[in-house]
Amino acid sequence: MIGLMQHHPLLISSLIDHAAKVHQGAEIVSHMPGAPAHRCSYVDVARRARQLAQAVKALGIREGDRVGTMAWNGYRHLELFFGVSGMGAVLHTVNPRLFPEQIAYIVNHAENQVLFFDVGFAPLVAMLAKQLNSVRHFVAMTDREHMPDEAIPNLLCYEDLVGAQDGTLEWPVLDERSASSLCYTSGTTGNPKGVLYTHRSTLLHASLACMTDGMAMSARDMLFMASPMFHVNAWGMPYACALSGASMVLPGSGLDGASIYAAMKTERVTVALGVPTVWMGLQQHVATQGLKPREDLCIERVLIGGAAAPRAVVETFANEFGTRVLHAWGMTETSPLATLANPLRKHRDLTTEQYVTLQAKQGRVPYGVQIKLVDDHGKELPHDGQAVGHLLVRGHWIASGYFRAEGGAILDEEGWFDTGDIATIDADGYMQITDRAKDLIKSGGEWISSIALENAAVGHPCVAEAAVIAIAHDKWQERPLMLVMRRPGKDVSKEELLGFLADKVASWWLPDDVLFVEELPHTATGKLQKMKLRQMYGGHRPSSG
Ligand code: AMP
């Protein structure tokens, strides 16, 4: 028997309509280079998203067509998130930090019909335009006065397009399983692959972000978006903020410590989200400038994901900012939020020290996501916090395949997706990542966690960042090599660092050698580029043998 409750498809357009009606007082603050902060409300975003949708339709875009963006965090990008998906087209957020060949590959693979871009990317767009076969229109996300000088074919102006429409469009009633947006994975091996989100998966994921044991996003929050909106579908934040009525700071490309601190202070930010490297930059700025975040800021929680949160970063937030870190794990394929390290009732009385320890783990699944561990032969492993295995995931906002079937079937017979991550899960359900499968160090048949070693090293006051890779060893097959970037003006020797690590990890985990480097390479999404490091240092042989 079918029940008798109303059925309304879960659509992205309903989020912005809701925000415009119910959360009129919330603010969207955008920082653009060389201009004062731009302020608007969800009412403005909703109106302009409709105008934009009309404009996109007028360009001949139909439901299901892909519309690309190459842009930093700002209100126009936010309008595209709602306008493009709302009218039934697919928003494809392109990562402009990728190599130009990769950008051309994914724009062509996605068959983007239109490409919206920030004026700062005009030289890149001009260079690539000829290779972007499917793109019929290039739209500079600015007004007439600031149009780029570069020679770009079929160039249009965002404000002209939006201004020419009256905003009377009715959002189409789509199937909630329709594609809403497209994001390509970083593609460390092979070609980048497209993850195609649906309206339904996006709304369910947004609801999770607003749950208390999600990110607890609410109408009392001001979010600082320290992760680019082109990374993993903006972590679902545009949708979660519209749903909950949270205000947002969209910082353009200003993700250096000084800009973040200033914005957090002025805008009374309560919650922020980003990868560890961004937070290291902020904390370094605070340390070198002798700032007083406890007095200046009112930030309550910082969500860290994308790479493991180093203990030292969590500690500094706790002790110097009076801010709780919420460690989370996810990937492009998981929308991205899949686990969060929220505490349980039994953790109510944890000391700061114990809370920091809890945040070493990537957390528990919310309703809607399931995880399990298997060994190399697919046998399920216990959730005892000890057994280390391949992390498998399934759920309402997990990918079922890649765009245009790239890479073939990605689920096993029971619908599980192999994340490529290696992890433990404890009896309370807290999952902890030890490595990417390809980054594991297999020493004499045992696994050494490069992440655990890196995080321990970053706890040393002279270490800015550390990376651990496997090097070949005659007896043990592989042994760890540690590459260390010192903090500016600080000095630490190999012997001192090994001594520091000695009581933090098992003795047989200690790196066979430590090399000091000027710089560590990062991917376009802020992760350590281990493949490049293996190419550069994989042949290294410690002098001691
Ligand atoms: P991407 O799809 O580019 O966001 O990359 C997803 C991958 O980032 C995951 O499979 C993990 O290897 C890594 N990752 C994400 N969050 C964390 C975290 N909190 N700790 C460790 N690794 C993480």
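The values are calculated or read from the model by the stated rules, or taken from the named source; none is laboratory data. All figures in this text were calculated on a predicted structure; none of them were measured in a lab. Positions of Cβ are backbone-derived with ideal geometry, glycine not excepted, and every protein chain shown enters the neighbour counts.
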*So how many residues does segment 476-513 have that are closer than 21 Å to Thr434 by Cα and among the acidic types (Asp, Glu)?*
4
*Would you be able to say whether some residue in segment 115-122 is more than 28 Å from Ile260 (Cα to Cα) and either assigned by TED's automatic domain parsing to the domain that holds Phe230 or touching a residue at least 12 places away in the same chain (Cβ under 8 Å) (or both)?*
yes
*Can you name the residue in segment 220-257 that is hydroxyl-bearing (Ser, Thr, Tyr) and in contact with a Phe, Trp or Tyr (Cβ under 9 Å, 6 or more places away or on another chain) and, of all such residues, is nearest to the ligand (Cβ to nearest atom)?*
Ser227
*asked:* With the condition being more than 14 Å from the ligand (Cβ to nearest atom), I'd like the strands (runs of 3 or more DSSP E) fully within segment 399-511 carrying at least 3 qualifying residues.
replied: 441-443, 446-448, 463-473, 477-486
*Please report, ordered by residue number, the strands (runs of 3 or more DSSP E) entirely within segment 193-309 with at least 3 residues that are of a type in the set (Val, Ile, Thr).*
none
*From Glu111, Glu159, Glu150, Glu145, which residue is at pLDDT 95 or above, of a type in the set (Asp, Glu) and within 27 Å of Gly236 (Cβ to Cβ)?*
Glu111
*Select from segment 321-354 the residues that are among the polar types (S, T, N, Q) and under 26 Å from Glu295 (Cα atoms) and write down the one among them that is farthest from the ligand (Cβ to nearest atom).*
Thr351
*Restricted to segment 68-90, and to residues that are in contact with a Leu (Cβ under 6 Å, 6 or more places away or on another chain) and part of a loop (DSSP other than H, G, I, E, B), which residue is nearest to Gln54 (Cα to Cα)?*
Gly88
*Residues of segment 355-386 being assigned to a strand (DSSP E or B), away from the ligand (no atom under 15 Å from the Cβ) and of a type outside the set (Val, Ile, Thr), which ones?*
Gln370, Lys372, Glu380
*Please determine, by comparing only the residues of segment 493-517 that are over 32 Å from the mean Cα position of the chain (by Cα) and more than 23 Å from Gly538 (Cα to Cα), which one is surrounded by the most Cβ atoms within 10 Å (Cβ to Cβ).*
Glu496
*Go through segment 299-309 and give me each residue that's more than 10 Å from the ligand (Cβ to nearest atom) and either buried (at least 21 other Cβ atoms within 10 Å of the Cβ) or over 14 Å from Val271 (Cα atoms) (or both).*
Ile299, Val302
_Six or more apart or on different chains, Cβ atoms under 8 Å: show the pairs whose first residue is in segment 318-341 and assigned to a helix (DSSP H, G or I) and whose second is at pLDDT 95 or above and near the ligand (Cβ under 9 Å from one of its atoms)._
Thr332/Cys183; Thr332/Val195; Glu333/Val195; Glu333/Thr419; Thr334/Thr419
*Is there a residue in segment 356-368 that is without any contact (Cβ under 8 Å) to a residue 60 or more places away in the chain and among the charged types (D, E, K, R)?*
no
